[in-house]
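The values are calculated or read from the model by the stated rules, or taken from the named source; none is laboratory data. Because the structure is a prediction, the values reported are computed rather than measured. Note: ideal-geometry Cβ built from the backbone for every residue, glycine included; neighbour counts use all protein chains shown.
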Number of protein chains: 2
Amino acid sequence: MKKLLLMAATAALMYPLCAAAQHDVAHTPPAGTFPNEHNIHGAEYPRVDAEGHTYWRFYAPDAQKVEISFRGPMTKQADGWWTYVSPEPETVGFHYYQMIIDGVSVADPNGIPFFGMGKWVSGIEIPDREGDYFREKDVPHGYIRESWYYSEIRSEWRRCFVYTPAEYETSAGKRYPVLYLQHGMAEDETAWWRQGRTNFIMDNLIAEGVAAPMIVVMDSGNIEVAFNQRRDVSRAEYGADFTPILLTEIIPHIEANFRTLTDRDNRAMAGLSWGGFQTFNTTLPNLDKFSYIGSFSGAASINPAELSTVYNGAFADVKRFNRDVHTLFLGIGSEENPGRVRSLADGLKTAGLTNVVYYESPGTAHEFLTWRRCLREFVPLLFRK
Amino acid sequence: MKKLLLMAATAALMYPLCAAAQHDVAHTPPAGTFPNEHNIHGAEYPRVDAEGHTYWRFYAPDAQKVEISFRGPMTKQADGWWTYVSPEPETVGFHYYQMIIDGVSVADPNGIPFFGMGKWVSGIEIPDREGDYFREKDVPHGYIRESWYYSEIRSEWRRCFVYTPAEYETSAGKRYPVLYLQHGMAEDETAWWRQGRTNFIMDNLIAEGVAAPMIVVMDSGNIEVAFNQRRDVSRAEYGADFTPILLTEIIPHIEANFRTLTDRDNRAMAGLSWGGFQTFNTTLPNLDKFSYIGSFSGAASINPAELSTVYNGAFADVKRFNRDVHTLFLGIGSEENPGRVRSLADGLKTAGLTNVVYYESPGTAHEFLTWRRCLREFVPLLFRK
């Protein structure tokens, strides 16, 4: 295919043309606005102001309609640029979005992609004044590592991302406790690293001395099954094979390849949203293996009236639960209808569970700022026994 | 922004609708075709057949025109799906592409994104029969790690990706040689890992015993400067600050944080395309620091008639060059006009340079299959002194 060959061979020369499509050197952005931190290098839009309004410009002279998901239609200007300004400030935090061009939803070509909503989409961040804890600082940095293993259960090679603390490199004889940390519906093993900034949160907490040095393992909860063509998959099936994969494949893989502490007192699991559901499903029937449990914006489907029977009565044996579960952390954002999770926490405390911690993130919704904060609150509670 | 909040809070519930847009359960793909390996989980298109034809289906009922970059316009069907079949087999290897929807170039929502062409685009792979060497196998796996450091030169936090071989984890006292490996124009530090599959190539070569266990460092060559709004940047400026960053920031960072051998005999550098140009610019004036040099589809701008004068005469002192440069590797694909690079290699050999290796990748163009093969050929030559 000669044409393709020639085009490909000269792609490197052509790229300024390709890349320039969404750039407009003649345009001056509004004063007091700054580029979204998840734009690609040099992309000026979308932008945000100090109050949280968002500003959008998108070049599509031949499109009939351009929309921004969760926001609305843009307005076409005479020069081919489409514009939109959010009428009110947006909630602080990290929000997924897509551009919708004549009905087709795509990632913003100006953006760095994140896996959410079942595919690679874009993210806009309304900065949080307390956001420093999840940013890179001049402290010792651990590593995010990509680790591959073969799953017999799924007959495929899989990868997880593993955070090792900075001191892991030089503490040759030392072993570490492990937190298994799961993403939500329609996300994957990249989410806690990329959207969640787990490595910086851990680096900063460890450097402050408020968290124990630990390993954090982030894998796929297999929730992508809903996105293949088997449209008849029920919600009960989403990620149903994750618990056996974690227990019989991921944990053995991690313990064989990293210097880990392998007793229950040194193993924690947490997850956000659907990952919180998976965390309960995995840990509560296996309290011989886990002693710290975290659910971030999850577990809301448990009926407080049924606490004595759910999970085969895991909550009913109060004495055992208080002895075995050193922390049961329930976190949620104040702007995502926290009532049910708060009631669950209250119900568990009323039932006599002494190690339940409830955290409500002020002003945040069902998105990653809530979960970064949950991680920040949860991690200092771990591995203190 | 109440509406946004509610939408975001229910995004997890809505996702099957969002994700389904490019799925068509009623459609049966042509026999003998298989999904592109860089599609997201469950996405059926684009597809490839054994001969290398590509098959495309894209749902855009409201669009007026849908094109595939480097290929051409798709044909709109009555049901809102657009279709395209490549008229001839495409060249083996990894090809970047974008979908162009009513004139707007975007990554394919069916695809896994790669940073190339100055932004996040899609990739289609025409499988190579000899492709086994860059795939995951049941051998000991090293890690790709994300490593952060602060650049005083650019006043910013930067990251590189670092491959450490499997044995690094258990050989506490051992130090390793280092290959610094650079991407091409309009790519970034993710390219050798994601497009290049460096970790699997290294794992497999090391497991076969044909390559020495080594560390591989992949950083950004700063070629993104061309994509910001400073449209007056000349080609000479692209990535011009990379050499000092490598020499005074990256190498010290790596040597302070990994168990490295730090003498010139244990330090190599290679790059593809523009990264090959950067490799020559960095190594040839600094032969006290590097002893192995690789250029993959690069260096073609050197005029063989000027070999005695270019790079301040680095090639002219034949005795010194033969003593200091253990390998000068020049690789290129047979389908990207290899003549100039072949002539350069011939000229260098004629001039008396005994350690020049020329490799021509059969049937491949200016894309990552050429460079994966170059890496496979180059790495076994390293650190044999």
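How do the pairs read when you match residues in the stretch B:323-335 that are closer than 13 Å to B:TRP371 by Cα and at pLDDT 95 or above with residues anywhere that are of a type in the set (D, E, K, R) and in a strand (DSSP E or B), using Cβ under 8 Å and keeping only pairs 6 or more apart or on different chains?
B:GLY331/B:GLU360; B:ILE332/B:GLU360; B:GLY333/B:GLU360; B:SER334/B:GLU360
If the Cβ limit is 8 Å and pairs must be 6+ apart or interchain, which residue in the stretch B:143-159 that is more than 16 Å from B:PHE258 (Cα to Cα) pairs with which residue that is among the basic types (Lys, Arg)?
Close Cβ pairs (under 8 Å, with a partner that is among the basic types (Lys, Arg)) amount to B:TYR150/B:ARG158; B:SER151/B:ARG158.
Select, from A:TRP193, A:TRP148, A:TRP120, the only residue that is within 22 Å of B:LYS119 (Cα to Cα) and out of contact with any Pro (no Cβ under 8 Å at 6 or more places or on another chain).
Checking each option against the conditions leaves just A:TRP193.
Go through the stretch A:108-130 and give me each residue that's in a loop (DSSP other than H, G, I, E, B) and either touching a Ser or Thr at 6+ places or on another chain (Cβ under 6 Å) or on the phi > 0 side of the Ramachandran plot (or both).
Across the stretch A:108-130, the qualifying residues are A:ASP108, A:MET117, A:GLY118.
Which residues, taken from the stretch A:91-103, are more than 17 Å from A:PHE114 (Cβ to Cβ), within 7 Å of another protein chain (Cβ to nearest Cβ) and either buried (at least 21 other Cβ atoms within 10 Å of the Cβ) or touching a residue at least 60 places away in the same chain (Cβ under 8 Å) (or both)?
Taking the stretch A:91-103 first, the residues more than 17 Å from A:PHE114 (Cβ to Cβ) are A:91-92, A:100-103.
Subsequent filtering for residues that are within 7 Å of another protein chain (Cβ to nearest Cβ) retains A:91, A:101-103.
Result: A:THR91, A:ILE101, A:ASP102.
From the list B:PHE134, B:PHE70, B:PHE115, B:PHE161, exactly one residue is under 20 Å from the mean Cα position of the chain (by Cα), more than 10 Å from chain A (Cβ to nearest Cβ) and either surrounded by fewer than 20 Cβ atoms within 10 Å (Cβ to Cβ) or of a type outside the set (S, T, N, Q) (or both). Which is it?
Residue meeting the stated conditions: B:PHE134.
Out of the residues in the stretch B:137-154 meeting the condition of being facing chain A (nearest Cβ under 8 Å) and among the hydrophobic types (A, V, I, L, M, F, W, C), tell me which one is nearest to A:ALA43 (Cα to Cα).
Per the criteria, the residue is B:TRP148.
Can you say whether A:TYR150 is under 16 Å from A:TRP192 (Cα atoms), among the aromatic types (Phe, Trp, Tyr) and modelled with pLDDT of 95 or more, as far as the supplied structure shows?
The answer is no for A:TYR150.
Test each condition in (1) part of a helix (DSSP H, G or I); (2) under 26 Å from B:GLU249 (Cα atoms); (3) within 12 Å of chain A (Cβ to nearest Cβ) for B:PHE200 and report the one that comes out false.
B:PHE200 satisfies all of (1) part of a helix (DSSP H, G or I); (2) under 26 Å from B:GLU249 (Cα atoms); (3) within 12 Å of chain A (Cβ to nearest Cβ) except (2).
Starting from the stretch B:357-384, take each residue that is within 14 Å of another protein chain (Cβ to nearest Cβ) and farther than 18 Å from B:ALA345 by Cβ and list its partners that are of a type in the set (S, T, N, Q) and not in a loop (DSSP other than H, G, I, E, B), counting only C-beta distances under 8 angstrom and pairs at least six apart or across chains.
B:LEU369/B:SER361
Collect the residues in the stretch A:48-62 that are more than 11 Å from chain B (Cβ to nearest Cβ) and either among the hydroxyl-bearing types (Ser, Thr, Tyr) or surrounded by 21 or more Cβ atoms within 10 Å (Cβ to Cβ) (or both), keeping them in residue-number order.
Listed by number, the residues that qualify are A:VAL48, A:TYR55, A:TRP56.
Could you please let me know if A:MET185 is buried (at least 21 other Cβ atoms within 10 Å of the Cβ) and modelled with pLDDT under 95?
Numbers: buried (at least 21 other Cβ atoms within 10 Å of the Cβ): yes; modelled with pLDDT under 95: yes.
Spelling it out, A:MET185 is indeed buried (at least 21 other Cβ atoms within 10 Å of the Cβ) and modelled with pLDDT under 95.
Looking at (1) within 10 Å of another protein chain (Cβ to nearest Cβ); (2) in contact (Cβ under 8 Å) with a residue 12 or more places away in the chain, can you tell me which one A:PRO127 breaks?
(1)
Determine which single condition A:ALA43 fails, assuming it passes every other condition in (1) buried (at least 22 other Cβ atoms within 10 Å of the Cβ); (2) facing chain B (nearest Cβ under 9 Å); (3) without any contact (Cβ under 8 Å) to a residue 60 or more places away in the chain.
(3)
Report whether or not B:GLY103 is more than 21 Å from B:ALA60 (Cβ to Cβ) and small (Gly, Ala, Ser).
No; evaluated as a whole, the condition is false for this residue.
Could you please find all residues in the stretch B:132-175 being among the charged types (D, E, K, R) and at positive phi? Show your work before the answer.
Filtering the stretch B:132-175 down to residues among the charged types (D, E, K, R) leaves B:132, B:135-138, B:145-146, B:152, B:154, B:156, B:158-159, B:167, B:169, B:174-175.
Answer for the stretch B:132-175, where residues must be among the charged types (D, E, K, R) and at positive phi: there is none.
Which of the residues belonging to the stretch A:58-106 are under 26 Å from A:GLU335 (Cα atoms) and in contact with a Pro (Cβ under 6 Å, 6 or more places away or on another chain)?
Listed by number, the list holds a single entry, A:GLU67.
Checking A:TRP192 against (1) assigned to a helix (DSSP H, G or I); (2) more than 26 Å from B:THR190 (Cβ to Cβ); (3) in contact with a Ser or Thr (Cβ under 8 Å, 6 or more places away or on another chain), only one condition comes out false. Which one?
Result: A:TRP192 fails condition (2) only.
When the residues of the stretch B:280-322 are filtered to those that are charged (D, E, K, R) and at pLDDT 95 or above, which remaining residue is nearest to B:LEU353 (Cα to Cα)?
Going through the qualifying residues, I end up with B:LYS319.
Only one residue in B:SER171, B:SER122, B:SER105, B:SER155 is within 30 Å of B:ARG384 (Cβ to Cβ) and among the polar types (S, T, N, Q). Which one?
B:SER171
Can you find even one residue in the stretch A:208-224 that is within 13 Å of chain B (Cβ to nearest Cβ), at pLDDT 95 or above and either surrounded by fewer than 19 Cβ atoms within 10 Å (Cβ to Cβ) or assigned to a helix (DSSP H, G or I) (or both)?
For the stretch A:208-224, residues within 13 Å of chain B (Cβ to nearest Cβ), at pLDDT 95 or above and either surrounded by fewer than 19 Cβ atoms within 10 Å (Cβ to Cβ) or assigned to a helix (DSSP H, G or I) (or both): absent.
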